[in-house]
Amino acid sequence: MDDFPLIVMLAALSLPLASSALVQRMALRLGLSFHVASWALAATVIAALVLSVTGLLVARRGPDFRPVHWNLDVVLALVIACVSAALVVALLHRPDADDVIYLPKIVYAVAHPEVRMNGVIHEIAHTPALALPQSAAAYYPTAYEFCQAAFAHLTGVDLLWVYYRLAPSLAAIFGILLLAANLRLLGLSRRAAACAALILVPLILLLGESHRSFGNFTLLRLFQSKCAFIFLGLPMYIAQSMLFLRKPGIGRWLLLLAGVVAVSSMTTSALVMLPLLSLPLFLAWWFAFGREWPLAEGIARGAAYAATLSPALAFALDYRHYAIARVAYGSQINAGFPRTFSGQFHLVTGGTALSASIVMLLAALLFLGWRWREARHRFLLAWSVLTVACYLNPWVAPAIMRYLTTENIYWRLVFLIPLPLLVGAAAGALFDRPDKDAPSRHLAPFVLFAALAAAVVVSPWSVMHPGNHVTVSLTGYPLDTYADEARNCLRLANPGVMLAPVPLAQDMVVLSAEHPQVVTRGDFLRNALFAEPGDFAQRMSAAAFIAGTGGRLEDLVDVMQRLRPSTVIVARQALSTAMTAALTEQDLHPDGAVDHWIVYARSRSVPTQSQQP
């Protein structure tokens, strides 16, 4: 096959993300403002793309270049697959509270472009301002999110539209194209790869049996960088790896190196998952396609391949000190995650013996095992077996959790099994038969796609099952049920520090950069106040008290005296004579109501605490 179109696509994806990672780290070291860093990123991306296009145009004139001829089946299948995936991420709304961690930093940066790039946590009220260590700041925000924020700032496009609409749609489209490209690299015909990618869209949506199943963790949460890493980042790395292993060369090695920088900066999970993925992938490739390699050549290719992981290892070493101190095995942030292999596996499968993910995986493995003589099938089988043997079994799981991944990350290693490629290779065989002129051959993939799409609506395993809380909407963003109330409360609030119940506060930090909150999502607040556990407990008690869910009046009074909030939002059922007196004593008076929330605002003439830059 001609690799030129794929190389162009991989360069177009890798270079902006790699540039974002490098510019962000430079800005953190130099203390550059977000505005300056955004222009530096734009200049770097343009320069990198110009250089790469020049190199690709030179390579295009070489003797190995062959023009690509596309037939109607291939084009139609890819267009429907890409449009379907983009519509899924745009129309199916499944809110996720992790946005509270990822979004506020870039919301503040776009609203205040003069702010310096650092680890300061602007959305939480504190004097002096709270900050994460510099080693963690490179992932707060990630390069993927910094890239979106810079684009929104330089173009004037609404950041939430970029985050919830543009970036997920592009990730879905390119993820599908990379899936088809990887199947093509494995030897499927262009038509078979395109048709397999088409039917994989509804098949992925049928994997919705748990919060962390492949369907829920990819297409329905593609706005989050860790999910884009699974659906887009891993396929990028796999494609670049196969291109290099198939035909090593300095150009492909540099492309792979850029890909590692790009993908390893998308999420901290990548710092562990990329090196772990590289071992079974390389050994499986050697087993399936490199049997004629001399031993020395195999070792040399392996060494060159491993060398491209050096940026990921460097990023991991930089992050290690923070990880050991704050998020290590057994830390509070990992509380609640199981420490056994079965418990972790159930996080993905939902705890049922015959979940959709298990059935689909076993069916694909059985089919490929039946046709094991084909090299691509041996490669995928060996990759899967090695992944299970090395990482996904009860004997090694405790050690891997303790020393490599922690309890919060280990379950994601299930995604190192190439399920989409296994299913795609099996499905591709159905559309690559010799009866080329039969009319049914042209219609079959589209009929099957329609049938599977209908199954998504009714299947008890799909992402659409009632317990998954998915809504279909042409408008709005996948925010939780408190978002509208939070937005309306913000309209009544004074600028400055705000004390609100956690369900409102964690939406407000996404919707506004002008109201630093006393509390936010509990696990993130605990991490931010890592050195002040007493302050954390007191803030959470005050928030519970105004929500009517517990807490103590004494903690509310102390928090108001220390942080001087300009606005306090109280649930109607929580109001009492004592609370009203305490609010009045702090010069906080009713300024309006939203549903069952009452907004208390301080007199505007009274100065309030402001967040330090």
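The set of residues in the stretch 340-355 that are under 13 Å from W411 (Cα atoms) and crowded, with 16+ Cβ neighbours inside 10 Å comprises F341, Q344, F345, H346, L347, V348, T349, G350. Among the candidates S189, S169, which residue alone is more than 20 Å from V348 (Cβ to Cβ) and out of contact with any helix residue (DSSP H, G or I) (no Cβ under 7 Å at 6 or more places or on another chain)? Matching residue, one of S189, S169: S189. The residue pairs whose first member lies in the stretch 162-186 and is open to solvent by less than 10 Å² (accessible area, probe 1.4 Å), whose second member is of a type in the set (D, E) and in a helix (DSSP H, G or I), and whose beta carbons are closer than 8 Å, counting only pairs six or more residues apart or on different chains, are Y163/E145. Note on the stretch 188-200: among residues that are farther than 18 Å from I7 by Cβ and not aliphatic (A, V, I, L, M), the one that is most open to solvent (accessible area, probe 1.4 Å) is S189. If I filter the stretch 425-443 down to residues being open to solvent by less than 100 Å² (accessible area, probe 1.4 Å) and in a loop (DSSP other than H, G, I, E, B), which single residue comes out as modelled with the lowest pLDDT? Here the answer is D435. Listed by position, the helices (runs of 4 or more DSSP H) contained in the stretch 517-588 that have at least 3 residues being without any contact (Cβ under 8 Å) to a residue 60 or more places away in the chain are 533-547, 553-563, 577-585. Which residues, counting only those in the stretch 555-584, are charged (D, E, K, R), touching a Phe, Trp or Tyr at 6+ places or on another chain (Cβ under 9 Å) and farther than 16 Å from L525 by Cβ? R572 - this is the single residue of the stretch 555-584 that is charged (D, E, K, R), touching a Phe, Trp or Tyr at 6+ places or on another chain (Cβ under 9 Å) and farther than 16 Å from L525 by Cβ. Among residues of the stretch 340-352 that are over 12 Å from A397 (Cβ atoms), none has a Cβ under 8 angstrom from a residue that is open to solvent by 70 Å² or more (accessible area, probe 1.4 Å) and not basic (K, R) at a sequence gap of 6+ or on a separate chain.
When the stretch 507-555 is examined, which residues are found to be surrounded by fewer than 24 Cβ atoms within 10 Å (Cβ to Cβ) and touching a His at 6+ places or on another chain (Cβ under 7 Å)? The one that is surrounded by fewer than 24 Cβ atoms within 10 Å (Cβ to Cβ) and touching a His at 6+ places or on another chain (Cβ under 7 Å): A513.
Residues of the stretch 217-235 include at least one that is open to solvent by less than 10 Å² (accessible area, probe 1.4 Å), among the hydroxyl-bearing types (S, T, Y) and under 24 Å from A81 (Cα atoms).
Just one of T308, T267 is buried (at least 17 other Cβ atoms within 10 Å of the Cβ), in contact with a Phe, Trp or Tyr (Cβ under 6 Å, 6 or more places away or on another chain) and over 22 Å from L381 (Cα atoms); which is it? Break it down stepwise before answering.
Details: T308 fails: in contact with a Phe, Trp or Tyr (Cβ under 6 Å, 6 or more places away or on another chain).
The conditions single out T267.
Could you tell me whether any residue of the stretch 392-403 is in a loop (DSSP other than H, G, I, E, B), of a type in the set (S, T, N, Q) and within 30 Å of L91 (Cβ to Cβ)?
no
Would you call V457 closer than 15 Å to L205 by Cα and either open to solvent by 40 Å² or more (accessible area, probe 1.4 Å) or not in a helix (DSSP H, G or I) (or both)? Considered against the rule, which asks whether it is closer than 15 Å to L205 by Cα and either open to solvent by 40 Å² or more (accessible area, probe 1.4 Å) or not in a helix (DSSP H, G or I) (or both), V457 comes out as yes. The selection criterion, being in contact (Cβ under 8 Å) with a residue 12 or more places away in the chain, surrounded by 19 or more Cβ atoms within 10 Å (Cβ to Cβ) and small (G, A, S), does not hold for S603. Considering T155, T142, the condition of being among the hydroxyl-bearing types (S, T, Y) and open to solvent by less than 20 Å² (accessible area, probe 1.4 Å) is satisfied by T142 alone.
Please tell me if L203 is closer than 20 Å to L368 by Cβ, touching a helix residue (DSSP H, G or I) at 6+ places or on another chain (Cβ under 7 Å), at pLDDT 95 or above and open to solvent by 10 Å² or more (accessible area, probe 1.4 Å). Yes, satisfied.
Considering only residues of the stretch 468-506 that are touching a helix residue (DSSP H, G or I) at 6+ places or on another chain (Cβ under 6 Å) and open to solvent by less than 10 Å² (accessible area, probe 1.4 Å), which is farthest from L556 (Cα to Cα)? If we take residues in the stretch 468-506 being touching a helix residue (DSSP H, G or I) at 6+ places or on another chain (Cβ under 6 Å) and open to solvent by less than 10 Å² (accessible area, probe 1.4 Å), then A483 is farthest from L556 (Cα to Cα).
The values are calculated or read from the model by the stated rules, or taken from the named source; none is laboratory data. For clarity, every value in this text was computed on a predicted model and none was experimentally measured. In this analysis, Cβ positions are derived from the backbone assuming ideal geometry, glycine residues included, and neighbour counts consider all displayed protein chains. For accessibility, only protein heavy atoms count, side chains too; no ligands or nucleic acids. Shrake-Rupley method; radii C 1.70, N 1.55, O 1.52, S 1.80 Å.
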